[in-house]
Each structure stands twice: as C-alpha cells, then as structure tokens.
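See below for the structure under consideration.
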Amino acid sequence: MAQVYKNISELVTLSSVHKKDGRNLLPEDLGIIKDGAIVFDEKILWVGTSPKLPPEYKDLPTKSLAGHVLIPEIVDCHTHIPFGGNRASEYAMRLNGADYQQIAEAGGGILHTVTKSNSCDEKELLSICRKRIEKMASYGVGSFEIKSGYGLDYENEKRLTLLIDKLKKEFAPKYQIKNTYLAAHAVPKQFKNSSTYLNEIVIPLLEELAPLEIIDAVDIFHEKGYFTREDTTALFKKAQELKIDIKSHADEFNDNGGALLASHHNALSTDHLMCTGIDGIQALSKSRTVATLLPGTSFFLGKSQANARAFLDKGCKVAIASDFNPGSCHYDNVLQIAAMVAPTYQMNLCELWASITHNASHAMGLFNQGALKKGLNSRFSIFKVDELNQITYDWGVNHFTQGI
Ligand SMILES: [Zn+2]
C-alpha cells in the first residue's frame, strides 16, 4: 500500500543526475527540496514540497520526517564479503616495514584467506556474511554487490556463488544483493599459468552455473601477474555468450589497457583505475561502463589515490565503493570513505553523492533507482540531520536511521 513521508527537512532528489546519466554534474544537480514530501509504494508515485502534496494522497498513512534528510539509497557496488579468517598480522607486518615477498613467505596474502575461507563450514561462513551485511546496512547501505573469489577451486568457487545466492534470497527485498562471479581473482599455485586455470576451472564452472541464472555479473582481476588481456577477453566473450554482464578489476598496478578493454566490451563497470591513461578515460566517457574508484584500498595500502578529476572532467560516470576485503581494505563504510576522500578527489558534493547512489547503482546494473523520481524504485536512505551537508562534515558519525 502506498504511503507518504512529509515535512522532510531535505529531500535530495538527484533528478538532474538521472537526466544527465550521472555525468558532468554540478552542485545544483543534487536537486534538494526543502520541506519535502514523497509518496511511494514499491515505486515512487510523487515527489514535491509538503504544502503541494496533492489531495488524493492526504488519507494515506503518513509519517512526518522533520529533522531528517532523505536521499536515494546508498549502494556499495564492490565488496568481497564472503571470506574466513583475517589478515591483521599481515597488516601489522606491512606497517612495520615488511614487503609483499616477506608477507607471502610468512604465509600471508590471498592464499591465506583462501585456506581460511575453504575451511569455514557453510553455517559459519553464512553467519559471518550476515553480520557483515547488517553492519554495512547500519551505515545506510541498502544494495550490495558481493563477489566470490576466495575459493579458487571448482567446488569452493561453486560453494561461494551458491552462498551469495542464498544471502541474496534471504535478504530480499529489504537489501538487494547482486551476485558477482570472481573465480578469476588470482591464479592458484598448482596451475602453471592463468589461462590453464581459466580454461580448466573458471570457464567450465561458469558454464555449469549459468543455467541456474544466479550469477548477475562476471568479474576478473585483469592485472599484471594475475590475468592477461587474452584471458580477460576470453572470459568476457564467454560471459556475453551466456548473456551475463561483465566487470573487471583493472589498471590498479599499471596501465595495461584494462579500462579500455572493459569499455570496449560494454562492461557494467571497471574498478580501481589508479593508473588508467587518457585512452582508457576517453573510452569510458563514451561508454556505459562506470568508472568505479576504490579510495579505501589506496588509504589502506598507503598508495596514491586515483585521479578522479581526470575521469569526471572527461564526462565519465564515476562511482565509489568500499572494496571491503581482508587484504587490501578491511574497512566497510563506503559513505565514510567517500566523505574522507572528497577533498583529495576534488569532487563537488553532487559528484560525491551520485558516486555512492545513482552511479553505484548503474555499476550493478540497477538502472531503475538512484534518484527520487516518479516511476523509479522507492529505495532510499534516511539520516537524522537537518541538512545533507552535515553528513559529509561529520566524518565517522553515523547519522543513518534504521527502522523508519
Ligand atoms: Zn576488489
């Protein structure tokens, strides 16, 4: 049944963001309505100011949200939630000066997480994931992209994809989950090269799981020392043959043409992009592919941040995500990450909010949300503040209100 929220201190519509497809955004594109009202059931039916609420909606169940700000739902479009164990000692080693090699020799790195994840039984891993999702939701996130990728063998990658599907069904419709298949996350030691692993495990398992229609996107770690351009192209082609969307981890360590390749294949998003050159940026600006930046990872690793302005100024659709994972960003609050990186990225406030709402939704293939506009899905986040500006100002303070 339809209902009404009214007297909302600020209703942040992002309606121009929707019109501009999330590109070339100006501060005024936030589209803030003071003393706002919104009428909705599963879809948004009407948006405006409280005094202009049409008479036909006046008898609907109504809540007053004075002292609150309502924005399109916060979305985390890049997470690695299902994993066992933790890598705190590795992080400590790194802070104390150890390099990648020394960490690997001490038994750290991704293979440590693979061992710990694969030894977690189903019940334990599900419970860990549920807690992580609820914690992230407590900051205001309502839609999550969740990647597999810490199984790295046929049975365990299959188990992770099925586990994400279980979480997706369990949490719907309160939280939306998109299931991303990332068996091509790293190459296990027992394989002589990346293409052998791809052809013996990643592609055959994808072919087995595709008919179940539980995979929303296929992802690959297209980086030097991981998967090559040829591997990435082969996996993209296979996914597209199976009618599944694609994305990639690209250009994190060097510019290997990853963004260019992803946009050429019409990927939903390509992520990291710390080293993307002008060719890649230009290709992204002309494609639907979202440029997803992961500043938390740069903070965590002590690396320089991506050049966000270069993407924004060329008209790319830019998103920010947490990249929550055990090795390179053990931090899960995408809103705080975005607020903290905003001055470094030199994003205006509309670019900032669009990057974790509208554009992040598009990076997950959720094109029917991300703005408060008649006809779009009624997915939004509500904060107990008088104005939007307070949220980005108060680093580390959680103003999100659950249970309205
Ligand atoms: Zn990642």
Can you find even one residue in region 183-204 that is within 14 Å of the ligand (Cβ to nearest atom) and in contact with an Asp or Glu (Cβ under 6 Å, 6 or more places away or on another chain)? yes
Pairs only if they're at least six apart or on different chains, beta carbon under 6 angstrom, first in region 308-336 and touching a residue at least 40 places away in the same chain (Cβ under 8 Å) and part of a loop (DSSP other than H, G, I, E, B), second aromatic (F, W, Y) and surrounded by fewer than 23 Cβ atoms within 10 Å (Cβ to Cβ); list them, first residue then second. N333/Y139
Can you tell me how many residues within region 54-83 are free of Cβ contacts under 8 Å to residues at least 60 places away in the same chain and either of a type in the set (G, A, S) or buried (at least 21 other Cβ atoms within 10 Å of the Cβ) (or both)? 2
P61 passes all but one of (1) more than 26 Å from D394 (Cα to Cα); (2) within 16 Å of the ligand (Cβ to nearest atom); (3) not basic (K, R); which number fails? (2)
Only one of these is under 19 Å from A363 (Cα atoms), outside any helix (DSSP H, G or I), within 16 Å of the ligand (Cβ to nearest atom) and over 18 Å from the mean Cα position of the chain (by Cα): T232, T276. Name it. T276
Go through region 152-202 and report how many residues are part of a strand (DSSP E or B) and within 23 Å of T115 (Cβ to Cβ). 5
With respect to the numbered conditions (1) in contact (Cβ under 8 Å) with a residue 24 or more places away in the chain; (2) within 26 Å of A360 (Cβ to Cβ), which one is the sole condition not fulfilled by P173? (1)
Suppose we filter G84, G36, G97 for residues that are on the phi > 0 side of the Ramachandran plot and either at pLDDT 95 or above or more than 16 Å from the ligand (Cβ to nearest atom) (or both); which single one remains? G97
Picking from E223, E213, E252, the residue that is assigned by TED's automatic domain parsing to the domain that holds K192, over 19 Å from the mean Cα position of the chain (by Cα) and within 15 Å of the ligand (Cβ to nearest atom) would be E223
Restricting to region 297-316, name every residue that is crowded, with 16+ Cβ neighbours inside 10 Å and within 15 Å of the ligand (Cβ to nearest atom). T297, S298, F299, F300, A306
Criterion violated by K243 - all others in (1) part of a helix (DSSP H, G or I); (2) on the phi > 0 side of the Ramachandran plot satisfied: (1)
Just checking, which of L284, L268, L260 is crowded, with 22+ Cβ neighbours inside 10 Å and within 15 Å of the chain's Cα centre (by Cα)? L268
Give the residues of region 232-250 that are out of contact with any strand residue (DSSP E or B) (no Cβ under 6 Å at 6 or more places or on another chain) and closer than 21 Å to I281 by Cα, sorted by residue number. T233
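The values are calculated or read from the model by the stated rules, or taken from the named source; none is laboratory data. These figures come from a predicted structure and were not determined experimentally. Heads up, the Cβs are rebuilt from the backbone with ideal geometry, glycines too, and the neighbour counts pull from every protein chain shown.
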